[in-house]
Amino acid sequence: MALIAILPVVAASLIGSAVTVPQIPGWYAGLVKPPFNPPNWLFAPVWTVLFALMGLAAFRVLRLPSDRSGRAQTLLAYHVQLALNMLWSCVFFGLNSPAGGLVVIALLLAAMIWTMRCFAGLGDRLSVGLFVPYLAWVSFATLLNASIWWLNR
């Protein structure tokens, strides 16, 4: 069961990294960024922690009986947000599109809130809490994405 929780997170992080890393020294380095832009070295450790928290939240849901009311919807919401997370990297970095990234990150925020509401519906307050740092970081990333789009339009 742990592998079922971990593999999608690892896949999303590897795909996201594969799209992102090659763009950092060229395209991303050439963008005008706001003064609150974090140093590049900070992103990998932050995302490692956030992906670990996501995987733990998914594991907690997967441990529930398969016929538990709300379990399937929660897993759907979780995987939708994970796919949007990966899609953001593909659009922002892969397509070099801060504008497109803004659209995807807005959808990601909505999917994250949906996922957290589903966790709450299962009575899993810990999984809701595990998503709070993720929600905070993606909210900050939304501001950063919007600022980069604005400064480079």
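The values are calculated or read from the model by the stated rules, or taken from the named source; none is laboratory data. Just so you know, these numbers come straight off a predicted model, no measurement behind them. Note that each Cβ is placed from the backbone with ideal geometry, even for glycine, and that neighbours are counted across all protein chains shown. Heavy atoms of the whole protein, side chains included, go into the accessibility calculation; ligands, DNA and RNA do not. Shrake-Rupley method; radii C 1.70, N 1.55, O 1.52, S 1.80 Å.
For region 3-23, how many residues are open to solvent by less than 50 Å² (accessible area, probe 1.4 Å) and either more than 18 Å from the chain's Cα centre (by Cα) or among the hydroxyl-bearing types (S, T, Y) (or both)?
Filtering region 3-23 down to residues open to solvent by less than 50 Å² (accessible area, probe 1.4 Å) leaves 5, 8-9, 11-13, 16, 19-20, 23.
So of that shortlist, the ones also either more than 18 Å from the chain's Cα centre (by Cα) or among the hydroxyl-bearing types (S, T, Y) (or both) come out as 13, 20, 23.
Result for region 3-23: 3.
Please verify whether V138 is touching a residue at least 24 places away in the same chain (Cβ under 8 Å), open to solvent by less than 70 Å² (accessible area, probe 1.4 Å) and within 22 Å of G16 (Cα to Cα), treating the condition exactly as stated. So that I can check it myself, show each step before the final result.
Values: touching a residue at least 24 places away in the same chain (Cβ under 8 Å): yes; open to solvent by less than 70 Å² (accessible area, probe 1.4 Å): yes; within 22 Å of G16 (Cα to Cα): yes.
Yes; evaluated as a whole, the condition is true for this residue.
Pick from region 54-90 the residues that are among the hydrophobic types (A, V, I, L, M, F, W, C) and free of Cβ contacts under 8 Å to residues at least 12 places away in the same chain: which of them is nearest to V21 (Cα to Cα)? Before you say what the answer is, go through the steps one by one.
First pass over region 54-90, keeping only residues among the hydrophobic types (A, V, I, L, M, F, W, C): 54, 56-59, 61-62, 64, 72, 75-77, 80, 82-84, 86-88, 90.
Keeping just the survivors that are free of Cβ contacts under 8 Å to residues at least 12 places away in the same chain gives 72, 76.
On the way: A72: 34, L76: 28 Å.
Of everything passing the filter in region 54-90, L76 is nearest to V21 (Cα to Cα).
Does region 35-43 include one or more residues that are surrounded by 15 or more Cβ atoms within 10 Å (Cβ to Cβ) and over 21 Å from L126 (Cα atoms)? Break it down into steps so the answer makes sense when it comes.
First pass over region 35-43, keeping only residues surrounded by 15 or more Cβ atoms within 10 Å (Cβ to Cβ): 43.
Next, only the ones that are over 21 Å from L126 (Cα atoms) stay: 43.
So far as region 35-43 goes, yes, one or more of its residues are surrounded by 15 or more Cβ atoms within 10 Å (Cβ to Cβ) and over 21 Å from L126 (Cα atoms).
What do you reckon, is L107 without any contact (Cβ under 8 Å) to a residue 24 or more places away in the chain, open to solvent by 20 Å² or more (accessible area, probe 1.4 Å) and hydrophobic (A, V, I, L, M, F, W, C)? Please lay out each step first, then the result.
On the way: without any contact (Cβ under 8 Å) to a residue 24 or more places away in the chain: yes; open to solvent by 20 Å² or more (accessible area, probe 1.4 Å): yes; hydrophobic (A, V, I, L, M, F, W, C): yes.
Yes, satisfied.
Inside region 25-34, can you point out the residues that are open to solvent by 50 Å² or more (accessible area, probe 1.4 Å) and touching a residue at least 60 places away in the same chain (Cβ under 8 Å)? Quick ask: steps written out before the conclusion?
Going residue by residue through region 25-34, those that are open to solvent by 50 Å² or more (accessible area, probe 1.4 Å) are 25, 27, 29-30, 32-33.
Those that are open to solvent by 50 Å² or more (accessible area, probe 1.4 Å) and touching a residue at least 60 places away in the same chain (Cβ under 8 Å): W27, V32, K33.
When you go through V61, V49, V9, V103 one by one, which is the residue that is of a type in the set (V, I, T), touching a Lys or Arg at 6+ places or on another chain (Cβ under 9 Å) and closer than 22 Å to F131 by Cβ? Before you say what the answer is, go through the steps one by one.
Details: V49 fails: touching a Lys or Arg at 6+ places or on another chain (Cβ under 9 Å); V9 fails: touching a Lys or Arg at 6+ places or on another chain (Cβ under 9 Å); V103 fails: touching a Lys or Arg at 6+ places or on another chain (Cβ under 9 Å).
Criteria check complete, one pass: V61.
Name the pairs whose Cβ atoms lie under 6 Å apart, with the first residue in region 114-134 and open to solvent by less than 20 Å² (accessible area, probe 1.4 Å), the second assigned to a loop (DSSP other than H, G, I, E, B), and 6 or more positions between them or separate chains?
Correct list of pairs: L122/G70.
Take the residues of region 101-153 that are farther than 28 Å from S69 by Cα and outside any helix (DSSP H, G or I): which is modelled with the highest pLDDT?
N152
Which condition from (1) closer than 20 Å to R153 by Cα; (2) of a type in the set (D, E, K, R); (3) modelled with pLDDT under 95 is the one that K33 breaks?
Going through the list (1) closer than 20 Å to R153 by Cα; (2) of a type in the set (D, E, K, R); (3) modelled with pLDDT under 95, K33 breaks only (3).
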